[in-house]
Amino acid sequence: MTGPILHLDVDAFFVAVDVRDDPGLAGLPVAVADRVVACASYQARDRGVHAGMTVPQAYRACPRLVVTPPRMAAYQHASKELFALVDDRAEAVQPGSVEEAFVRLPGLTWPDAETTARDLQHEIRATLGLPVSIGVGRTKLIAKLASRAAKPGGVVVTDLADEPQVRGALRVDELWGIGPVTRDRLADAGLHAVAGLRHWSAAALVEIAGTAMGRRLHQIATGTDDTDVRPLPPRRSFSVQRSAPTHTRELAAELARRLRAERLTCRTLHVRLGGRKVKVRFDPPTNDPRRLTEAAVRLAGDHKTTAALMVTDLRPEDRPAQPPLPGL
Ligand SMILES: [Mg+2]
């Protein structure tokens, strides 16, 4: 598909909801924080405050900082309103978190993309009081990069003519899901920007970056990355448990097979044995048999077991990974 995909992302979401509900906060350096900053306003970010800082660190960076307690119920309500509005306009919506989504609008063409994105941005501001940035691109990656470039409050359209340049200039360490180890291995091979990957085979990239990331890099380099905007799956979990003791590795492999068959990844793996429950989180989400097996072995042991293994927080396979807290 070559039609435009929108990536819509609320700017400083938690703060935006707080400012909407208490206009006296507008323009101030604000951080939503319990003990740790979950979200900082752009004015606070300009003074060096960012998500993940402790409150004392944040005050040191910005003594005039206004700290507000998280109001999760209000954020969830705002998120529901946002998705209700977008669902109403869209042909397909794929949520990325509580406050961002990929959107395909019915009949949208490239010449109309910028005006339509601005209309949607104004409508969300007018009816919900929330500031959003919107990026438009042919693939989900290009749309998401465009919304990042549009922040805060902008619209950026990367059309078919601009795409090759934007794609080629993209640094590999800007890609979601590239960890420091993979980044260093790519750097050792002289690979820093996507343009440099173009002459590498998928097999060579898999050798450097592992199966899933190697393939993804090859797709990004060749422009064959994901254009499929699809709703989150109705399925919420898979579990596997055998009546006869079965090796942990076999159970983990079974989960990986089932995830892959439905092109899903998971964020969380749970192991339950008797009354004991343990879990591990994956960031980025995974369906890699090796990662699932390693984690399962760590939780359930490297031997036969009657434990039940379950994966939850399922996501479509090639959704870009991002931190669990919507700090942007
Ligand atoms: Mg955001």
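To test your reading of the geometry: what angle, between 0 and 90 degrees and rounded to tens, separates the Cα axis of helix 72-89 from the longest principal axis of the chain?
Here the helix axis deviates by roughly 80 degrees.
Mind pulling the angle between the C-alpha long axis of helix 248-261 and the longest principal axis of the chain? Nearest 10 degrees, somewhere in 0 to 90.
Rounded to the nearest ten degrees, it is 50.
Counting Lys and Arg as +1 and Asp and Glu as -1, each charge on the Cβ, what is the dipole of the range 1-101 about the Cα centre in debye, to the nearest 20?
Numbers: 9 positive and 13 negative charges, 118 e Å.
For this selection, approximately 560 debye.
The range 90-125 to the range 208-261: how many Å between their Cα centroids?
Measuring centre to centre over Cα atoms gives 28 Å.
Report P(r) for the range 184-301: all Cα-Cα distances, bin width 10 Å, range 0 to the bin holding the largest distance, values in whole percent.
Reading the bins upward from 0: 11, 36, 29, 18, 5, 0.
Mind checking which lysines have their C-alpha under 21 Å from K279, skipping anything on the same chain fewer than 8 residues away?
Cα-Cα hits under 21 Å: K304.
Run the Debye formula on the Cα coordinates of the chain, all scatterers equal and no solvent, and tell me log10 I(q)/I(0) at q = 0.07, 0.10 1/Å.
With one equal scatterer per Cα and no solvent, log10 I(q)/I(0) is -0.33, -0.68.
Ratio of alpha-carbon Rg to the 2.2 N^0.38 Å globular estimate for the range 237-316, to two decimals, please.
Working: Rg = 11.2 Å, N = 80, 2.2 N^0.38 = 11.6 Å.
Dividing the Cα Rg of the range 237-316 by 2.2 N^0.38 Å gives 0.96.
Quickly estimate the mean residue ellipticity at 222 nm for the chain, helices only: each DSSP H run with n ≥ 4 gives -39500 (n - 2.57), and the total goes over all residues, rounded to 500.
Working: 12 runs with 131 residues, N = 328.
Theoretical 222 nm ellipticity from helices: -12000 deg cm²/dmol.
Taking the Cα centre as origin and putting +1 on Lys and Arg beta-carbons and -1 on Asp and Glu beta-carbons, what dipole magnitude results for the chain, to the nearest 20 debye?
Dipole of the chain, to the nearest 20 debye: 1400 debye.
Please list the non-local residues whose amide H lies under 5 Å from the amide H of T305, H modeled 1.01 Å from N, same-chain partners needing a gap of 5 or more.
Long-range HN contacts for T305: T246, H247, T248.
Per-residue HN-Hα couplings for the range 176-181, Karplus 6.51 cos²θ - 1.76 cosθ + 1.60 at θ = phi - 60°, whole Hz, x for Gly and Pro?
Result, ordered by residue: 5, x, 8, x, x, 5 Hz.
By count of other Cβ within 10 Å, fewest leading, how are S79, S201, S41 ordered? Write out the running numbers ahead of the final one.
On the way: S79 20, S201 10, S41 28.
Taking fewest neighbouring Cβ atoms as first place, the list is S201, S79, S41.
Read the figures in this text as sums done on the coordinates, not as results from a lab. Note that the structure is a prediction, hence the values are computed from the model and not measured. Cβ atoms come from the backbone with ideal geometry, glycine included; neighbour counts cover every protein chain shown.
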